[in-house]
Amino acid sequence: MNKTKQIEFHVGKPNIPNKAKLLSNFSEVLESEWLSNNGPKVLELENQIQERLRVKHCICVCNATIGIQLTIKALELSGEIIVPSFTFVATAHAIHWLGLKPIFCDINLKDHLIDPKHIESLITPNTSAIMAVSLWGQPCNYNEIQKIADNHNINVIYDSAHSFGCKHQDTYLGNFGDAEVFSFHATKVFSCMEGGAITTNCDEIAEKLRLIRNFGFQGPDNSVLVGINAKMNEISAAYGLVSLCDLDRIINKNKVNFHLYCDLFAKFREIEFLNFSKNHQTNYQYVVAKVIPEIRDSLVNFYHQRGIWVRKYFHPGCHKMKAYRDQISVYPELGNTSIVSSEIILFPTGLQVTEDDIKRFADILNEFLFSSI
């Protein structure tokens, strides 16, 4: 067996936008000597995001995990929040860190999104909100989730970390529920190096969020509520403004890559790529493949040995991770989560990947299958 090679490709490699524009923006920030505290670059970025998503309010923050926590605080939630187990663990951590309890929900097999039918069965008098995840840039079942929330008088938050630039029919994600939270981490299709944003169409929620992210200050030396430091800095915003100009190019490259994967891997019956609904618009940030569970882990190792860092998102599901497994008195039966987490592989995409690279990835799968005969 070959020794593990240095990583050549990996899921989530940053798509660096125009470097000359980046350096120019960074220089402007340094010359202004305004590095934080809701500076002009942050305000400009918020305005541009509001215009792009056609949403009333955008509140930029230092990262999406803190963004979820600010939203929980602004909505004054307590008790339990229903959340899918099949998500990045930060979704659950953000809830738990505030002393609330994440209640893990199952997903649909077809699209890996939270199952509204299971949500209904998990609601108790302690439930204060549903936190759905628009996984892989896919819109959730907004009508059904909102109907459940309205029937039980609870809030809805969307963890839309994957979904910047995506649409549900003709409406951009960012306009659903009480609020949505986006990640602008370095790995995302739209990046600020590190950062995030909360979007909402509610004036009252937006006002509270802006106070909370800056220690609750309403003017100098006047803290009107208990807040924290969750502000985005000017360098991150300056990066984001350039990244926003490059977003359509990156999404188009992702789309080309996705269709190449589907075409070049079509001859393999052992693998099937997650298709996106034609009724919606995705950013193609993730190339998600389902493989036979019996070969999944061996195939992942085979790629890793060749410097292709494919990933097993989100294995094994939050409810099975030690951080939560030891705290759960009654172990939830999340059958679909277990199935999906045992068969998923994510492939590299973005500006790092060429057509020849994807052909090579297909050749490696062919080599693996031949060696397994």
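The values are calculated or read from the model by the stated rules, or taken from the named source; none is laboratory data. No experiment lies behind these values; they were computed from the predicted model shown. Don't worry about glycine lacking a Cβ; one is built from the backbone with ideal geometry, like all the others, and counts go over all protein chains shown.
Does residue 264 satisfy the criteria of being touching a residue at least 60 places away in the same chain (Cβ under 8 Å), aliphatic (A, V, I, L, M) and out of contact with any Pro (no Cβ under 8 Å at 6 or more places or on another chain)?
yes
Residue-by-condition table, conditions (1) in a helix (DSSP H, G or I); (2) out of contact with any Phe, Trp or Tyr (no Cβ under 6 Å at 6 or more places or on another chain); (3) of a type in the set (Gly, Ala, Ser):
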residue	(1), (2), (3)
243	yes, no, yes
247	yes, no, no
254	yes, no, no
267	no, yes, no
275	no, yes, no
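Taking segment 26-65, which residues are of a type in the set (Lys, Arg) and either buried (at least 16 other Cβ atoms within 10 Å of the Cβ) or under 16 Å from residue 243 (Cα atoms) (or both)?
41, 52
Determine whether segment 149-166 contains at least one residue that is surrounded by fewer than 20 Cβ atoms within 10 Å (Cβ to Cβ), in contact with a strand residue (DSSP E or B) (Cβ under 9 Å, 6 or more places away or on another chain), in the same structural domain as residue 80 (by TED's automatic domain parsing) and polar (S, T, N, Q).
Looking through segment 149-166, none of the residues is surrounded by fewer than 20 Cβ atoms within 10 Å (Cβ to Cβ), in contact with a strand residue (DSSP E or B) (Cβ under 9 Å, 6 or more places away or on another chain), in the same structural domain as residue 80 (by TED's automatic domain parsing) and polar (S, T, N, Q).
Taking the condition of being aliphatic (A, V, I, L, M) and within 14 Å of residue 140 (Cβ to Cβ), how many residues in segment 180-196 meet it?
1
Do we have residue 168 as under 25 Å from residue 136 (Cα atoms) and in contact with a Gly (Cβ under 7 Å, 6 or more places away or on another chain) here?
So residue 168 does not fit the description; no.
Of all residues in segment 289-303, which are of a type outside the set (A, V, I, L, M, F, W, C) and farther than 14 Å from residue 367 by Cβ?
290, 293, 294, 296, 297
Could you go through segment 66-75 and let me know if any residue there is at negative phi, touching a strand residue (DSSP E or B) at 6+ places or on another chain (Cβ under 6 Å), surrounded by fewer than 20 Cβ atoms within 10 Å (Cβ to Cβ) and of a type in the set (Gly, Ala, Ser).
The answer is no; no qualifying residue exists.
For residues in segment 5-19 being surrounded by 14 or more Cβ atoms within 10 Å (Cβ to Cβ) and among the hydrophobic types (A, V, I, L, M, F, W, C), which is farthest from the chain's Cα centre (by Cα)?
9
Name the residue, out of 139, 125, that is crowded, with 21+ Cβ neighbours inside 10 Å, assigned to a loop (DSSP other than H, G, I, E, B) and at pLDDT 95 or above.
Result of the check over 139, 125: 139.
Identify, from the list 130, 119, 145, the residue that is within 17 Å of the chain's Cα centre (by Cα) and either closer than 26 Å to residue 326 by Cα or not in a loop (DSSP other than H, G, I, E, B) (or both).
It is 130.
Inspect all residues belonging to segment 329-339 and state whether any of them is crowded, with 20+ Cβ neighbours inside 10 Å and in contact with a Lys or Arg (Cβ under 8 Å, 6 or more places away or on another chain).
No: segment 329-339 contains no residue that is crowded, with 20+ Cβ neighbours inside 10 Å and in contact with a Lys or Arg (Cβ under 8 Å, 6 or more places away or on another chain).
Can residue 49 be described as part of a helix (DSSP H, G or I), of a type in the set (Val, Ile, Thr) and touching a strand residue (DSSP E or B) at 6+ places or on another chain (Cβ under 6 Å)?
yes
Go through 81, 72, 66 for me and flag whichever is assigned by TED's automatic domain parsing to the domain that holds residue 211, among the aliphatic types (A, V, I, L, M) and assigned to a strand (DSSP E or B).
81
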